[in-house]
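Structure, as structure tokens:
The values are calculated or read from the model by the stated rules, or taken from the named source; none is laboratory data. If you're wondering where the values come from, they're calculated on a predicted model, not measured in any experiment. For neighbour counting, all protein chains shown are included, and Cβ atoms are generated from backbone atoms with ideal geometry for every residue, glycine included. Ligands, DNA and RNA are stripped out before the accessible areas are found, and what is left, the full protein with its side chains, is counted by its heavy atoms. Shrake-Rupley method; radii C 1.70, N 1.55, O 1.52, S 1.80 Å.
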Amino acid sequence: MAILLFAEHDNATLSEQTAKALSAATQIGGDIDILVAGSGVGAVADQAAKLAGIRSVLVADNDALANHLAENAADLIVSLAGDYDTIVAAATANGKNILPRVAALLDVMQVSEVMEVVDADTFKRPIYAGNAIEVVQSTDAKKVLTIRTSSFGAAAAGDSAAEIKLVDAGSANSGKSSFLENILSENDRPELGSAKIIVSGGRALGSEDKFKSVITPLADKLGAAVGASRAAVDAGYAPNDLQVGQTGKVVAPDLYIACGISGAIQHLAGMKDSKIIVAINTDEEAPIFQVADYGIVGDLFEILPQLENQL
Ligand code: FAD
């Protein structure tokens, strides 16, 4: 059994998502090679080589791979796929963009958002916004899997570095797509997907100004990332990259503080695996209290400033 794990990185630093996807790959079992595809990725390859339990790191270095264009990355993975039984990536924006193309090109099904490995053919994944767990057994000769990384811990660093091998990336430019520009939102807070603490606001905030003036100071005090419900995002109180939930980000921080969020199933789908959930809501019947470890029934506009003062 050989497994190819597609690495998530920004050409300089290996993302922790890769170490988490590696934990899933390790549970499948077999020889694991990590593919680092990008431009000028020597440092990323060195970081990947230090992860425990891998056989080798394959490096595909080409300007056409710098921006993770799915067409180019998928062609590269397919060119290597003959040597592997299973192809794995984290279910990030990149993984969800690239691996379905790989599956289509290989004419196999993709198993998406794997949250538990039962055995090398059988996986558990959420359906109906996480309200049911589906057990999927794949009979395809090659498995293509995206991993829900919030369900797996990060693999540790190993005692020694694995071998790094260069692979042919000479024809990496498929010509099917081209990179125009990358517009990044500026944010000096922890990234939502990897933050240890998240303070999240809902429709109850009532305006963009109140969202900023009530949620942000508490997040600042806690060194937390800021999240939002879809209602808050749709109303323009918070940018859409802060949305937590079924159609937003799936998070599992140590502490999730939900402020004025009712707890619709689509929101719970994105945060119910958080270790400790604190909910602040005026309605004691709000569904968020069913998943909360600590609940405060009250007005967030009174409670959050008090909490901030206490901190
Ligand atoms: P509401 O449901 O309106 O809740 C506001 C809460 O604030 C209420 O419980 C109220 O009691 C409380 N409140 C009011 N005033 C105060 C106060 N002063 N202090 C304290 N509490 C107060 N939603 C997501 O969040 N993420 C998703 O990814 C997502 N994806 C979706 C996908 C689909 C296909 C669909 C159909 C829906 C999706 N939704 C998603 C929307 C979801 O169904 C809910 O509409 C949304 O989560 C509600 O947001 P909310 O809790 O902020 O607002």
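General observations
- Any chance Leu105 is part of a helix (DSSP H, G or I) and surrounded by fewer than 17 Cβ atoms within 10 Å (Cβ to Cβ): yes
- Neighbours by Cβ (under 7 Å, 6+ apart or cross-chain): first from region 109-122, farther than 15 Å from Ile87 by Cα; second modelled with pLDDT of 95 or more and open to solvent by 70 Å² or more (accessible area, probe 1.4 Å): Val118/Val135
- Strands (runs of 3 or more DSSP E) completely within region 213-311 that count 3 or more residues being in contact with a Lys or Arg (Cβ under 8 Å, 6 or more places away or on another chain) and under 26 Å from Thr92 (Cα atoms): 225-228
- Condition check for Phe301: more than 31 Å from the chain's Cα centre (by Cα) and within 17 Å of Arg203 (Cα to Cα): yes
- If you go through region 253-295 and keep only what is open to solvent by 30 Å² or more (accessible area, probe 1.4 Å) and of a type in the set (Ser, Thr, Tyr), you end up with Ser262, Thr282, Tyr294.
- Residue tally, condition open to solvent by less than 30 Å² (accessible area, probe 1.4 Å) and within 16 Å of the ligand (Cβ to nearest atom), over region 194-215: 9
- Answer residue from region 229-281, given it is without any contact (Cβ under 8 Å) to a residue 60 or more places away in the chain, farther than 21 Å from Phe301 by Cα and among the hydrophobic types (A, V, I, L, M, F, W, C) and is farthest from the ligand (Cβ to nearest atom) among those: Ile276
- Restricting attention to region 131-149, the residues being surrounded by fewer than 21 Cβ atoms within 10 Å (Cβ to Cβ) and touching a residue at least 40 places away in the same chain (Cβ under 8 Å) number 3.
- The numbered conditions (1) of a type outside the set (Ser, Thr, Tyr); (2) surrounded by fewer than 22 Cβ atoms within 10 Å (Cβ to Cβ); (3) at pLDDT below 95 are all true for Val250 except (2).
- Within region 62-75, the presence of a residue that is under 17 Å from Ala37 (Cα atoms) and without any contact (Cβ under 8 Å) to a residue 12 or more places away in the chain is excluded.
- Pairs where the first residue, in region 296-311, is aromatic (Phe, Trp, Tyr) and the second is at pLDDT 95 or above, C-beta under 8 Å, 6+ apart: Phe301/Lys210; Phe301/Val214
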